[in-house]
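Just so it is clear, none of the values below were taken in a lab; they were calculated from the coordinates. No experiment lies behind these values; they were computed from the predicted model shown. So basically every Cβ, Gly included, is an ideal-geometry build from the backbone, and we count neighbours across all protein chains shown.
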Amino acid sequence: MLKPDTLLLRLRLSRWRRFVGSCFGPSARTRAGFGAALLLVCLGGLGSLWRDRAGIASVITGRPALMAVLASATALLAGFSAGRVTSGTARMDLASPWLATLPWSARDRRRAVALSCLPPYGVVVASILTAVVLEGGLVRWTDMERTGPLGLGLVSMGFVCGGFSVPPAIAGRRQSRRVVRRRSALLDGLDRTRPRWLGNWALGRLATIKARLFLILPAILCLLGIAGSIQTGTAWPAALTGAVGGHLIFLHILRCHPLRANALRVLPVPFGRAAWGVVRLPLALSLGWFAPLGLAAFAVAPGDPTTAGCLISLVSLDGLMILISLWLADSPPAAMLLHATALLMGAQYALRLGISEAALALVLAIVLWRGAKRRFVRGTG
Amino acid sequence: MPPVLLDLSDVAAGYGGRIAIQDASLRLEGGQLLGLIGPNGAGKSTLLRAVAGLIPALAGSVAIDGHPILSERERALSALGYAVDPAELPAALTGRQYLEMVASVRRCQATDWPEPELDHVLGFRAWLDTPLAQCSLGTRAKLSIAAALLGAPALLVLDESLNGLDPVSSWRLRQILQRMVATGRHAAILSTHQIEMLGSLCTDLVYVEDGRIAYRWNRLDLETAGPGGIEAMVMTAVTGTAATIG
């Protein structure tokens, strides 16, 4: 019988091969090529961002402490997310039936879980996220010399915390696919139009958890945003809270994996309708979050264009994420990473948006949509 | 003249550049029930996936009820009921939700089966409100077949779907299939390894081997062999010797 260490090594090599295969395999050449092209454009954009840092910094002058907190939180969150995804995947592998039935001691299993927090896939994900966060500008906007190492440390700390934040019980529950759902009347009501239940299918277990999250925690932030607008007499606290919160909710709950499922693909449903079925629930929650805040902002400052601007920004950001998620339907983390990269690039171009940038965005949107449709209809692309 | 419900012409299909089935030509009219048999990995499921449009045909053409699957996908799939692998059903939904989803796409009721109260007949009514992840393999197989039967599509494709069913449900389902096909408005393809069950069920039989259709038997051949003689007929053709047991 194989020793646990040998088994783990093989497990990790297997996952590494799977990752490399998914990047460079014949079926994903288009994806890899597109990713490489986007990376090049992104690097160019980041270069411009660095050159224009003085101009960008002037936009946010007067709030250095706020930016430092924002940069630190972003670095910490990026590392935490990477660690959690990595650890969760590794633990699911370790809880798989063929491994779970082996006669390992408890000590071996604990060691395996600890070791599994640093598989090659996680290192790659963490490296990319670190590069995006550090090179993206948030940390540099404050003070590169001092906060660069701090940012790296925060990402690493977040990665370790995220790695240990997944309880074994959750991994085991995911692996056994024992989905215990409590019906949410709110979500079910939003998911009854044709084709029915795609939102519930896409969200899975998240349907219950996110409904609770949507109602309690954001309600407090909602009140804070409205209070901020009333106190300052301006629209931006409520409108900005609405746009940022709405988009974060959307990012957290958008799942498009049903578009890759044969159970949906054998049905006579056009791609557009299937895609709408998958995104309508997250979109409704995102806009539903913005609605009270937007109304409050409008009531406080009716003539202020900030509210409309925030709503347009929210719809645009959600739209971008929809396109990316439809294209990368089977990998939400990769979709989120690409979205973050696109946002960093967009932040640079937003300062001087012209015809060429708009045309490029339109071409990208068409390419993403057609690619997603091709994969739905033909199963390849 | 019965309608041509499936027209395959020199179809080749596979995965990742590897061809699993090639030169496959089939023509199925209303009233025909085709049995598809062959060794594991011969290309049966690949062929049926190409029929359903789940994988693209690398060569040849597929038309369902006169509609090419590639250019008229929605129309072609409207005439197709494909029972997906039970493992591929949406685990997060309950059986009822899954049936309602399929029915909403097919624009029919979630109980619009060719047989009244199919949920009772096949014995999955008690599990309709249980998440599919918690249902047994057999129950999920029944739900998959029930979803394929919703709206009574012209062409039914069951890819080893009867394997996980209990004997009574399997028998009842075969009765339903026979009644549907006997109307002349429906046709079905049944892929299975249980040759003995095909005897009294199929009107045509195809044997797939090494990625090609190796043998075909029509209604006359099957009637000549009789329900009890089909296994011997197939084994004689495939192994080259008369099949005897004992």
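Using a 10 Å cut-off on Cβ to Cβ distances, tally the other chain neighbours for every residue of A:265-276 and report the average as a whole number.
Mean partner-chain Cβ count within 10 Å for A:265-276: 5.
Mind checking the mean number of beta-carbon atoms from other chains within 10 Å of the Cβ atoms in B:46-55?
2
Please give the average number of partner chain Cβ atoms lying within 10 Å of the Cβ of each residue in B:115-126, rounded to a whole number.
0
With +1 assigned to the C-beta of every Lys and Arg and -1 to the C-beta of every Asp and Glu, and no other charges, what is the dipole magnitude of region B:4-239 about the Cα centre in debye, to the nearest 20? Spell out each step's value before the answer.
Working: 19 positive and 25 negative charges, 60 e Å.
For this selection, approximately 280 debye.
Using Cα springs under 10 Å in a Gaussian network model of chain B, which residue among B:84, B:105, B:208 shows the largest mean-square fluctuation?
Most flexible of the set in this elastic network: B:105.
For chain B, what does -39500 (n - 2.57) per DSSP helix run (n ≥ 4), summed and divided by total residues, give at 222 nm, in deg cm²/dmol to the nearest 500? Write down the numbers at each step before the final one.
Working: 9 runs with 81 residues, N = 246.
Taking each H run of at least 4 residues, the total per residue is -9500 deg cm²/dmol.
Order by neighbour count: A:327, B:127, B:171, fewest other Cβ atoms within 10 Å first, most last. Mind dumping the intermediate values first?
Working: A:327 24, B:127 21, B:171 13.
Fewest to most other Cβ atoms nearby, the residues stand as B:171, B:127, A:327.
How large is ³J(HN,Hα) for each residue in region B:10-27, as worked out from phi by the Karplus curve 6.51 cos²θ - 1.76 cosθ + 1.60 (θ = phi - 60°), to whole Hz, x for Gly and Pro?
6, 6, 10, 8, x, 10, x, x, 9, 7, 9, 8, 8, 6, 8, 10, 9, 9
What does the charge count around residue B:159 come to, taking other residues whose C-beta lies under 10 Å from its C-beta (Lys +1, Arg +1, Asp -1, Glu -1)?
0
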